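*Asks:* The structure's right below; bear with me while I get my questions together.
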Amino acid sequence: MAAFDPWEPYRDLRFAGTREHPEHGPCFIAEGRILVEDLLAAAGRGGPRVVSVAATTAAAEALAGRLPAGTELLTADPAALSALAGFPFHRGLMACAVVPSPPPLSALRGARRLLVLPRLHDTENLGLLLRSAAALGLDGVLAGPGPGLWSRRTVRVSMGAVWRIPVWLQEDPWPALADWKAASPGSEIAAAALVPQAEDAHAWRPATRCALVLGPEDRGLDAEAVSRCDRAVAIPMASGMDSLNVAAAGAILMFRMGEGGR
């Protein structure tokens, strides 16, 4: 068997998902100085194991003494890194890390503020929602089918939130959400939906234990999904606009969740 090329995980990254490493299994790619440095710091706290770092010579010098034990340092000039990645790469650093084990489903019951994404289609939106959920202090994300959680673009757009906040992936998240609600009296499931019965987000007072459900980008939550929730909430529109991007709406409503439950 031919020896494994340590540069292989960094090849043709534009639309890259996870990469299969012969020794470490599924791996993901992080790119850019800020993201790679955050990943290395997370690894030092018991986070994802970093298999290798690919760097320009100048960027590699700044990493002296900062790599976890067992992490391989690969160096190349910027042109070579760009040719390998398949697009102009000017960020100096990339890293390949092992996809961590998912959190146990039983831990979902302990979440007080939860974001629920039954289905998404766009990687950018997933990354932005993960970033907002982590930044606004939510306890976790329950997600159904959608873009790859550990794809290169999700990782980058989330700015490392993907390893900072628990994410439970379920092919059908509704049974897990029902179990979450049953675990504690007073739990509330709120649908973000532009329906007649929706409460104005300005007046919404989220329950202390609240799950916010956001629908897919094209049509939002359908009537059946809204019926599974305890209430609906909507952000009023102005200037003739009929809706917000799901990531923008999610950030606003998650901020409201953090203002204190009733």
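*Asks:* Can you name the residue in the stretch 232-254 that is closer than 20 Å to residue 217 by Cα and of a type outside the set (A, V, I, L, M) and is also modelled with the lowest pLDDT among such residues?
*Replies:* Selected residue: 242.
*Asks:* Please tell me if residue 58 is assigned by TED's automatic domain parsing to the domain that holds residue 163, out of contact with any Lys or Arg (no Cβ under 7 Å at 6 or more places or on another chain) and either of a type outside the set (D, E, K, R) or closer than 18 Å to residue 34 by Cα (or both). Working first, answer last.
*Replies:* Working: assigned by TED's automatic domain parsing to the domain that holds residue 163: no; out of contact with any Lys or Arg (no Cβ under 7 Å at 6 or more places or on another chain): yes; either of a type outside the set (D, E, K, R) or closer than 18 Å to residue 34 by Cα (or both): yes.
No: the conditions fail for residue 58.
*Asks:* Restricting to strands (runs of 3 or more DSSP E) lying wholly in the stretch 72-131: which have 3 or more residues that are under 16 Å from the mean Cα position of the chain (by Cα)? Explain how you work it out, then say what you get.
*Replies:* Working: elements: 72-75, 93-98, 113-117.
Strands (runs of 3 or more DSSP E) meeting the threshold: 113-117.
For every residue, the table says whether it meets (1) surrounded by fewer than 17 Cβ atoms within 10 Å (Cβ to Cβ); (2) over 30 Å from residue 98 (Cα atoms); (3) not assigned by TED's automatic domain parsing to the domain that holds residue 133.
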position	(1), (2), (3)
163	no, no, no
168	no, no, no
183	yes, yes, no
202	yes, yes, no
211	no, no, no
229	no, yes, no
238	yes, yes, no
246	no, no, no
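*Asks:* Same structure again: Do we find a residue being assigned to a helix (DSSP H, G or I) and at pLDDT 90 or above anywhere in the stretch 59-67?
*Replies:* no
*Asks:* I'd like the residue in the stretch 1-54 that is over 24 Å from residue 77 (Cα atoms) and among the acidic types (Asp, Glu) and, out of all such residues, is farthest from the chain's Cα centre (by Cα).
*Replies:* By that ranking, first place goes to 23.
*Asks:* Looking at the stretch 59-68, which of the residues that are out of contact with any helix residue (DSSP H, G or I) (no Cβ under 9 Å at 6 or more places or on another chain) and closer than 24 Å to residue 79 by Cα is surrounded by the fewest Cβ atoms within 10 Å (Cβ to Cβ)?
*Replies:* It comes out as 64.
*Asks:* Right, something else. For the stretch 157-198, how many residues meet the condition of being under 19 Å from residue 113 (Cα atoms) and over 14 Å from the mean Cα position of the chain (by Cα)?
*Replies:* The qualifying residues number 22.
*Asks:* Still on this structure, I have one more. Report the residue count in the stretch 195-218 for those that are farther than 14 Å from residue 180 by Cβ and touching a strand residue (DSSP E or B) at 6+ places or on another chain (Cβ under 8 Å).
*Replies:* 10
The values are calculated or read from the model by the stated rules, or taken from the named source; none is laboratory data. Source: prediction; values computed, not measured. Ideal geometry is used to build each Cβ from the backbone, glycine not excepted, and the neighbour counts take in all protein chains shown.
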